[in-house]
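K.L.:
Before I ask anything, here is the structure I am working with.
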Amino acid sequence: MAAQELVAPTGSSDESLVELVRGGDRTAFDALYRRYFPRIYRFLDRRLGNRADVEETVQEVFINLFASLDSFRGEAPFAAWVFGLTRRTLANRFKRKRCETVPLAVDDDQLVSDPASRDADPHLAYELNERLARLQRGLDSLSPDQWELFRLRHLENHSIEEIAHQLAKSEDAVKSHLYRARKLLLAR
């Protein structure tokens with residue numbers, strides 16, 4: 001067979017490409033990959049937000065797609081089947097990849113001064129140090145007014161109404177300042 005005969009036409013339906021892949025046609029799988037990669041990538045990017053996790057999950061989706069292509073029965077559109085598989089792959093990723101939490105406080109009054117001295121593994125200690133450093137940089141970037149609002153709302157759990165009354169500001173002003181403070185913290 002000539003190389004031209006193996007190339008799946010770009011206008012082929014998903015179902016015909018699936019049949020070609022089932023028959024061993026690698027170019028048909030490449031065509032499916034090119035067709036669905038951008039959509040799957042965007043779908044996962046909106047849910048994960050971390051480029052490395054998105055890329056790894058997209059790769060996992062296509063591995064799962066290839067491995068389970070025989071289970072596609074054509075009862076629903078192929079796109080619906082692909083995105084069902086994508087959602088299941090993403091859900092399985094969250095099930096097996098639970099991030100361990102590292103306590104910030106030994107007790108309610110004492111903040112851990114040296115997380116590396118705890119019995120946590122070195123990776124967790126490193127992550128805790130990084131998170132604390134990022135949090136500190138974020139807090140340092142807040143103005144005194146923003147820090148006060150953030151402290152009242154998120155550390156002392158006061159309502160917006162209580163904070164507005166206490167600081168003699170409108171509720172809208174408090175909300176706006178809190179939004180800016182959170183935005184600064186999240187940027188770190």
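The values are calculated or read from the model by the stated rules, or taken from the named source; none is laboratory data. On a predicted model such as this, the values are computed, not experimentally measured, just so you know. When we count neighbours, we look across all protein chains shown, and the Cβ atoms used for this are built from the backbone with ideal geometry, even at glycine.
K.L.:
If you scan segment 158-188, which residues turn out to be out of contact with any helix residue (DSSP H, G or I) (no Cβ under 7 Å at 6 or more places or on another chain) and outside any helix (DSSP H, G or I)?
P.N.:
Answer for segment 158-188, where residues must be out of contact with any helix residue (DSSP H, G or I) (no Cβ under 7 Å at 6 or more places or on another chain) and outside any helix (DSSP H, G or I): 159, 168, 169.
K.L.:
Okay, next question. All but one of (1) at pLDDT 90 or above; (2) surrounded by 16 or more Cβ atoms within 10 Å (Cβ to Cβ) hold for residue 34; which doesn't?
P.N.:
In the conditions (1) at pLDDT 90 or above; (2) surrounded by 16 or more Cβ atoms within 10 Å (Cβ to Cβ), residue 34 misses (2) alone.
K.L.:
While we're here: Search segment 140-166 for residues being touching a residue at least 12 places away in the same chain (Cβ under 8 Å) and among the hydrophobic types (A, V, I, L, M, F, W, C), and hand back the single one that is farthest from residue 182 (Cα to Cα).
P.N.:
Checked segment 140-166; the qualifying residue farthest from residue 182 (Cα to Cα) is 163.
K.L.:
Also: Suppose the filter is modelled with pLDDT of 75 or more and surrounded by 10 or more Cβ atoms within 10 Å (Cβ to Cβ); does residue 120 pass it? Break it down stepwise before answering.
P.N.:
Details: modelled with pLDDT of 75 or more: no; surrounded by 10 or more Cβ atoms within 10 Å (Cβ to Cβ): yes.
No: the conditions fail for residue 120.
K.L.:
Would you tally the residues in segment 29-53 being touching a Lys or Arg at 6+ places or on another chain (Cβ under 9 Å) and within 21 Å of residue 77 (Cα to Cα)?
P.N.:
Residues that pass the stated criteria total 1.
K.L.:
Every residue in segment 67-89 that is closer than 16 Å to residue 29 by Cβ and among the β-branched types (Val, Ile, Thr), please.
P.N.:
82
K.L.:
Let me ask another. I'd like the residue in segment 53-68 that is surrounded by fewer than 17 Cβ atoms within 10 Å (Cβ to Cβ) and aliphatic (A, V, I, L, M) and, out of all such residues, is farthest from residue 36 (Cα to Cα).
P.N.:
67
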